[in-house]
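Here's the structure, in structure tokens; my notes come after.
The values are calculated or read from the model by the stated rules, or taken from the named source; none is laboratory data. Just so it is clear, the structure is predicted and the values come from calculations on it, not from any experiment. For neighbour counting, all protein chains shown are included, and Cβ atoms are generated from backbone atoms with ideal geometry for every residue, glycine included. The accessibility values were calculated without ligands, DNA or RNA, using every heavy atom of the protein model including side chains. Shrake-Rupley method; radii C 1.70, N 1.55, O 1.52, S 1.80 Å.
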Amino acid sequence: VLTVEPRLGEGLLGILRNADVRFADTIIEVGRGLDGGKDTIIVDGHGKIVLPGFVDTHNHLWQSLIRGCGPDLAVDSWIVKCVIEKFYFDEDQAYWGTRLSTVDLIGTGVTTVLDWSHSFSNGFTEGNLRALRDSNLRFIYGFMLAGYRSDEEADLRKKKSFYIDRNPLAGLHVCTPLRPVGTDDLEKFVGIAKELGVPLNVHILEGVADSDPDPIEVLRNAHAFDGLTFFNHAVRASDQQIQFLADHRVPISHNPLSNLRLASGVIPLGKFAEQKLRVGLGLDGGSNDTSDVFANMRVAVGLQRARAGDAAVFPSVEQVIRMATLGGAEALGMEQRIGSLSPGKRADMILLDPARANFAPMQDDGVAQIVFNGQPGNVEAVFVDGRPLKWKGRVVLDDTTEEEIVAKAQKQAERPPPSPSAQDRETRQKLLKAFNLTM
Ligand SMILES: [Zn+2]
């Protein structure tokens, strides 16, 4: 059992050998030789590895519909071709695209996801949130506001009270793309996030054009740092900017597979660790095309080693497993509830089967192999709040089947989005202008 709580076991990952985990919707007890009592259901974990579920701190779940898009494009051109031009995806497309992603996420052992949604229209947010609810995953919905519109603000508040406030698995961030947003609108979004007590969540210092104007300066002028903020990427952060982020306690989502795919660069991760910034890992939707957390961890380690020419740099295999679990929970401010198998926390955990051709023979508790050999196929069971979402290697679905989800998503990806409203067309023009293009 990798508890990821040093007080409970050995080393950074708090390892306990031949141990039991007793849980209902929360973790009740972790230790050796536990007796659950007569009504206990026993899950046989002999020879297997138990660890907290993975926390995916940055994703765009609708983007399963654009997998493989723009294979030779860097981030800015990719955003135009693969995101902004898809601007009119509707409710059904949002629903089935998101359902497909959630099945893929559960398959790889993710139990909490932050879905940074482009929230293209009221119908889109409806489909997106319905799919998240139906997935039974723990989630934070990132509601994007791109240019201030009172109807969008009203939609945000309505969806919050219906889909977020009444669902104990749900949370909210206010998201915005910085470049197309003017100062007045940005101040409004900062105000909305503050009023709701949630972070303002932005992509920052990702592409080449992301540094001019300095996005941190833009956010500072809008008083964003008086409230909560959450940044994705920060690949191009200078030493001075990293210092600023540390001074203002800004959490970061690191998305190594996406950074490779979009030629964004290699984050100076060791410097973030030295400054004790909270960093979690993210999969980043269609820009990396896969929901494989194991590959993401492997690349997070490998990129730093390749850049430094040194295998001893941050993160080690233990550090990257921590980053994918408790580190992500800390970045999202959820470490009191999830991220480790500490008694009292929610029972979000996964069971890995190392007795497979890609992983066996298990050595030294399998810690290095989780990072270097692990694949979604090794994830035998996934629990959220103690409820099995994957069982005996299959994703558990109450309302549909994996085959139906795949078929529906395929159909929705092939269907042209319906005609946009005048307002939607206007927002799209604004976004394209921000990326120096016209339609
Ligand atoms: Zn992203």
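Around PRO268, with a cut-off of 11 angstrom between Cβ atoms, what is the net charge of the other residues, counting Lys and Arg +1 and Asp and Glu -1?
Local charge sum for PRO268: +1.
About the Cα centre, and with charges only on the beta carbon of Lys, Arg (+1) and Asp, Glu (-1), how big is the dipole of the stretch 105-160? Nearest 20 debye, please.
180 debye
Grab the other residues whose beta carbon is less than 11 angstrom from that of ASP239, score K and R as +1, D and E as -1, and report the net.
Values: positive: LYS271; negative: GLU274.
Residues close to ASP239 contribute a combined charge of 0.
Quick one: grab the alpha carbon gyration tensor of the stretch 61-169, order the square roots of its eigenvalues as a ≥ b ≥ c, and give me rounded if a/c is under 1.5, else prolate or oblate depending on whether a/b is larger than b/c. If you can, show how the numbers build up before the last one.
Working: a/c = 2.03, a/b = 1.15, b/c = 1.76.
Note, shape of the stretch 61-169 comes out oblate.
Relative contact order for the stretch 191-264: what percent, with Cα pairs under 8 Å and sequence separation of 6 or more?
Over the stretch 191-264, the number comes to 34 percent.
Where is the GNM fluctuation largest for the chain (alpha-carbon springs, 10 angstrom cutoff): THR183, THR57, THR102?
For the chain, modelled as a Gaussian network with Cα springs under 10 Å, the answer is THR183.
Classify the stretch 107-211: rounded, prolate or oblate, from the alpha-carbon gyration tensor (a ≥ b ≥ c, eigenvalue square roots; a/c under 1.5 rounded; otherwise prolate if a/b is larger than b/c)?
It comes out oblate by the Cα gyration axes.
Return the Rg/Rh ratio of the stretch 367-413 with Cα-based radii and a Kirkwood Rh.
The Rg/Rh ratio comes out at 1.11.
I'd like the accessible area for SER211: 1.4 Å probe, protein heavy atoms, all chains in place, Å² to the nearest 10.
Around 60 Å² of this residue is reachable by solvent.
For the stretch 210-216, take each phi angle, set θ = phi - 60°, evaluate the Karplus expression 6.51 cos²θ - 1.76 cosθ + 1.60, and give the result in whole Hz per residue in order, putting x for glycine and proline.
So the Karplus estimates, Gly and Pro as x, are 7, 9, 10, x, 4, x, 5 Hz.
If I model a spin label as a point 7 Å beyond the Cα along the Cα-Cβ vector, how far apart are those points for GLU10 and ALA312 in nm?
2.2 nm
What FRET efficiency do you get for ALA154 and GLN336 if R0 is 22 Å and r is their Cβ-Cβ distance, rounded to the nearest 0.05?
Efficiency at R0 = 22 Å is approximately 0.10.
For every helix of n ≥ 4 consecutive DSSP H residues, a contribution of -39,500 (n - 2.57) applies; sum these over the chain, divide by its total residues, and give [θ] at 222 nm rounded to the nearest 500 deg cm²/dmol.
Taken over the chain, the calculation gives -9500 deg cm²/dmol.
Would you work out the relative contact order for the chain, in percent, from Cα pairs under 8 angstrom that are 6 or more residues apart?
23 percent
Stokes-Einstein diffusion coefficient for the chain at 10 °C in a medium of 1.306 mPa s, Rh from the Kirkwood formula over Cα pairs: what value in µm²/s?
Value of D from the Cα-based Kirkwood radius: 72 µm²/s.
Starting from the 7 Å offset along Cα-to-Cβ, what nm value, one decimal, do you get for the label separation of GLN410 and ASP35?
Going from the GLN410 label point to the ASP35 one covers 5.4 nm.
So how much slack lies between LYS433 and GLN275, counting 0.36 nm per residue of separation and subtracting their Cα-Cα distance, in nm?
53.2 nm is the gain from fully extending LYS433 to GLN275.
Taking the alpha-carbon centroid of each part, what is the distance from the stretch 233-262 to the stretch 382-398 in angstrom?
Taking the Cα centre of the stretch 382-398 as reference, the centre of the stretch 233-262 is 33 Å away.
For VAL43 and GLN375 in the same chain, what is the full-extension length gain: residue separation times 0.36 nm, less their Cα-Cα distance, in nm?
117.4 nm
If I take R0 = 60 Å and measure r between the Cβ atoms of THR183 and ALA368 in this structure, what FRET efficiency does the formula 1/(1 + (r/R0)^6) give, to the nearest 0.05?
Computed FRET efficiency for THR183 and ALA368: 0.80.
Cα atoms only: what Rg and Dmax, in Å, come out for the stretch 313-439?
That works out to 21.3, 61 Å for Rg and Dmax.
Give me the base-10 log of I(q)/I(0) for the stretch 180-288 at each q in 0.12, 0.13, 0.18, 0.20 Å⁻¹, Debye formula, one uniform scatterer per Cα, rounded to two decimals.
Per q value, in the given order, log10 I(q)/I(0) is -0.40, -0.47, -0.90, -1.10.
Going by alpha carbons, how many degrees (0 to 90, nearest 10) lie between the helix axis of 422-434 and the longest principal axis of the chain?
Helix 422-434 sits at roughly 80 degrees to that axis.
Please determine, in degrees from 0 to 90 and to the nearest 10, the orientation of helix 402-414 with respect to the longest principal axis defined by the Cα atoms of the chain, where the helix direction is its Cα long axis.
The helix 402-414 is inclined about 20 degrees to the chain.
Angle check, please: helix 183-196 long axis (alpha carbons) against the longest principal axis of the chain (alpha carbons), in degrees 0 to 90, nearest 10.
40 degrees
Evaluate the distance, in nm, between pseudo-label points positioned 7 Å from the Cα of GLU217 and of GLN243 along their respective Cα→Cβ axes.
1.7 nm
Run the lone-cysteine check on the chain: no other Cys C-beta under 4.7 Å from the residue's C-beta.
Cys with no partner Cβ under 4.7 Å: CYS175.
May I ask which of LYS188/LYS430; LYS158/LYS433; LYS48/LYS392 have a Cα-Cα span longer than 20 Å here?
In this structure, LYS158/LYS433 lie more than 20 Å apart at Cα.
For every other residue with a beta carbon closer than 12 angstrom to the beta carbon of MET334, add +1 if it is Lys or Arg and -1 if Asp or Glu, then tell me the sum.
Computed value for this residue: +2.
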